[in-house]
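The values are calculated or read from the model by the stated rules, or taken from the named source; none is laboratory data. None of the values given here were measured: they were computed from a predicted structure. Glycine gets a Cβ as well: all are built from the backbone with ideal geometry, and neighbour counts include every protein chain shown. These accessible areas exclude ligands, DNA and RNA; they are computed on the full protein's heavy atoms, side chains included. Shrake-Rupley method; radii C 1.70, N 1.55, O 1.52, S 1.80 Å.
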Amino acid sequence: MLGATTLLLAGSIAARASRDGPTAPADRWWAPGSNRTFPTQADYADTTGTLRVLLTGGPLATKGHPFFTPVGPNGRACVTCHQPADAMSLSAATATERWQATGGKDPLFAAYDGSNCPTLPQADRASHSLLLGYGLFRIQRPWPPRAAKGGAVTPDFDIEIARDPWGCNSGKYGPGAGNISVYRRPRPLANMKYLLAIGFAYDPKQGLPLALDPETGKPVSGNLMADGRASTLDAQMRDAAATHLELLEQMTPTDMARIVDFESRIYTAQQADRTGGAVDIAGAEGGPAKLANSQAGQLGSIGKPVWSEFEAWEKPAPGLGPARAAFRASVVRGAHVFRDKTFLITDSTGINAPIGFGNPVRNSCVFCHNMSQMGNDVAPGQVDLGTTNQPFADPMPWLPLFRITCRKAPHPFYGRVIYTSDPGYALTTGRCADVGKITLQSLRGLSARAPYFSNGVAKDLRAVVDFYDRRYTIGYTEQEKRDLVNLMSVL
Amino acid sequence: MALLAMATVAAAEPPETVRFITCPTYRDTDAGRKSGCWLADDRATGRRYDVSAAPSKPDWNHEILVEGKAAEAPDRCGGIVLDPVRTSVLAGTCTRHMLPAEGYPGNRFSLPKRDVAPMAAARAVPPGPYSTRTFRLFFGFDSAFLMYQYDDYLLDRAITWIRAAKPRTIVVTGYAASGPETVSGRAIAEDEEIARDRAERVTEALVRLGIDRGIISVRTDTRPRPVDDPDADGLVEASRRRVDIEARF
């Protein structure tokens, strides 16, 4: 817990525009191959306050550790794109800082996926505009999709290129050569026990019991990766090593076990807000320690309500300054809006079909963001919000656009033809009904890792709220929007 | 209150059973989450029914097949309450139609009786001795999708018993109600292929729940008879659309 003195110190440091909190490492950027000790607790200043990173089980010497060591030819390590100061993700702001600090020479900007397309002139800043502007990496998926066990998947849709602004869906990078390129944000590698937790044996969105890991035969949570292409940390690691690290050989079992051990011990969450103060005082239970110490996989509706960590702030502490009291009250209201403000959810596969909730169905944010403490989906969380599919997606001329034609049954809501900037889960399953489904995002450490949504289209938390407000015609008041933003900023 | 008047069904008479095709109407009452009403008008009689109790609910873009029995229940939505009831989403398209609450309170959400427990909740081990037993799962029209808070519950019950009983073989029989029937003046019949889809889907479900695929054999039947099973809720026609899981020793 941050004491009052520490908080004041954090505030004064923030006021001096330093980006590090009082216990932060001297260097925010964890360069691959550096010889440092990862502490059990590190605080980083972020856009609204202080992010805390906890490593349970003691500090870690990073020298030679495979998470921190460049194992492939491009000089990157896992930590390159999963930075502690960015809640184990990578913000667009950090990418821009690295460009400025290194003149674009950082391995982060590797041609393979740190540029808009390897065919572009790599020294030009414009060739990396998606990473610098939106925090997006190129994700090259096989077309047609391949099953987790390696066999071919026969898709029930055709894919054509309607727009290819960077040339990376043409020629040897295009579907004719067996490839599709989409652009996505890196997901945070932290709080993993929540993303791996299994609450129920069944996946109601698929109408089947949970899928099994082809290697172990055990059920998997289905909450890793935007398109669900890997269902275990091992599988995710192999995918990342072969693509982002450009590692040609397999990682060793020992290295993989060490990485999984590290990933399983990392927790991140906002620890303090510049206005609201520490999030784990006055009875509140925010911050990563609560995450580390809680059981994962609980459904908020039958247990601890989602974001009830801030309930105690409903009664202002005596002597609290007006600004701090107002902020905390706003967070509490935001949690209520998140849980209780219902609206009509329409035409969203994974919610309105085929699960049987009906189209429309009245519910709130917590309908999908339903896991206590974490706000991800207890069930596998593949849902189409419309962030990538037209007509719901915002115009994004900087992204490719695909024309999907369903060969068998039409999509339940879009019909036979769908225009999308990222088919999402459909690139894994090969089903047109899954076009645009993206696995629910983690909601912790948000202030440290803008922009948001898988395609980085929401530049800040207000843009996230505005998207939902437009998409589902919710009609949030200005106050409700501010309250939701304040809530999300302290998660 | 008039709006809360009982949709009376004479106690001495068996409950009215209805089966018709129509476009659904959504009434946007707001009694909290999942509280909206689904209404369905039988065009042949002009009666409006409340089909909100269906385990799998309508899509306002599509026609639905309604199968249900009138219940003695308060009218909270603006229609005769059907419960039990099934609504199957059909391919035919509809013009979306939403009514305001108009004073109807809607249905405050409560967990349905067939709600599967979390994995952490211990299942009571069914006592032996064990002998050949058949479990059934029921489906929407022309659908092989295992319905949430219905089929998952029935499957969970089956797998709990099967894990305890350890049968030698399991026969999974998928049925398709492929014999044409006239509903709302229209001949409807399930695709015969749905029988295999259902059987294969349930086989996959059993395998995912730990059953050795090698002990499962798959059969199909495209002329099923109705079954009198408590989990079919007395809906005769809907009981044809099923999968039987027969555990043998």
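The distance between label points at residue B:124 and residue B:228 comes to 2.6 nm (points 7 Å beyond Cα on the Cα→Cβ vector).
Computed over protein heavy atoms with a 1.4 Å probe, the carbon and sulfur contribution to the accessible area of the stretch A:4-267 reaches 56%.
Compute the accessible area per residue over the stretch B:105-165, keeping the other protein chains in place, probe 1.4 Å, unit Å².
49
What is the extension gain from residue A:160 to residue A:323, computed as 0.36 nm multiplied by their sequence separation minus the C-alpha to C-alpha distance, in nm to one decimal? Roughly 53.3 nm would be gained on extension. Relative to the longest principal axis of the Cα atoms of chain B, the long axis of helix B:151-165 lies at roughly 20 degrees. Applying a DSSP loop filter and a limit of 11 other Cβ atoms within 10 Å to the trypsin sites (Lys or Arg not before Pro) in the stretch B:108-170 leaves B:113, B:168. Fully extending the segment from residue B:249 to residue B:168 would add 28.7 nm, taking 0.36 nm per residue of separation and subtracting the current Cα-Cα distance.
Return the FRET efficiency for the residue pair residue A:41, residue A:482: r is the Cβ-Cβ distance, R0 is 30 Å, and the value is rounded to the nearest 0.05. With R0 = 30 Å, the Cβ-Cβ based efficiency is 0.45.
Counting only cysteine Cβ atoms and a cutoff under 4.7 Å, chain A contains unmatched residues A:78, A:81, A:365, A:368.
If R0 is 25 Å, what FRET efficiency do you get for residue A:96 and residue A:462 from their C-beta distance, rounded to 0.05?
On the way: r = 20 Å, r/R0 = 0.81.
Calculated value: 0.80.
Counting partner chain Cβ atoms within 10 Å of every residue's Cβ in B:170-178, what's the average?
For peptide B:170-178, the averaged partner shielding equals 0.
Along its first, second and third principal axes, ordered by size, the stretch B:2-100 spans 39, 29, 23 Å in Cα coordinates.
Excluding the site residues themselves, the longest part of chain A lacking any GluC sites (Glu not before Pro) in a DSSP loop with at most 12 other Cβ atoms within 10 Å is A:250-491. Qualifying GluC sites (Glu not before Pro) in the stretch B:94-191, where qualification requires a DSSP coil assignment and no more than 12 other C-beta atoms within 10 Å, comprise B:102.
Among the chymotrypsin sites (Phe, Trp or Tyr not before Pro) within the stretch B:89-161, those in coil by DSSP and having at most 15 neighbouring Cβ atoms inside 10 Å are B:109, B:130. Binning all Cα-Cα separations of the stretch A:4-267 at 5 Å, short to long from zero, yields these whole-percent fractions: 1, 5, 11, 15, 17, 17, 14, 10, 6, 3, 1, 0, 0. In plain terms, chain A is cut at each of the trypsin sites (Lys or Arg not before Pro) found in a DSSP loop with at most 10 other Cβ atoms within 10 Å, and the longest leftover piece is A:150-407.
Using a Förster distance of 22 angstrom, determine the FRET efficiency expected from the C-beta separation of residue B:98 and residue A:470, and round it to 0.05.
The formula returns an efficiency of 0.70 here.
For residue B:189 and residue B:213, calculate 0.36 nm times their separation in residues minus their Cα-Cα distance, and state this gained length in nm to one decimal. Mind dumping the intermediate values first?
Details: separation 24, 0.36 × 24 = 8.64 nm, distance 3.08 nm.
Length difference between fully extended and current span is 5.6 nm.
Inverting the pair-averaged 1/r between distinct Cα atoms of the stretch B:133-248 gives 14.3 Å as its Kirkwood hydrodynamic radius. Translational diffusion coefficient of the protein assembly as shown at 25 °C, 0.890 mPa s, Stokes-Einstein with Kirkwood Rh over Cα pairs, in µm²/s as a whole number. Stokes-Einstein gives a translational diffusion coefficient of 89 µm²/s. Legend: distances between Cα atoms for A:105/A:459; A:193/A:218; A:63/A:193; pairs beyond 19 Å are A:105/A:459; A:63/A:193. With N as its number of residues, chain B has a Cα radius of gyration that, divided by 2.2 N^0.38 Å, comes to 1.08.
Normalised by 2.2 N^0.38 Å, where N is the number of residues, the alpha-carbon radius of gyration of the stretch A:18-157 equals 1.21.
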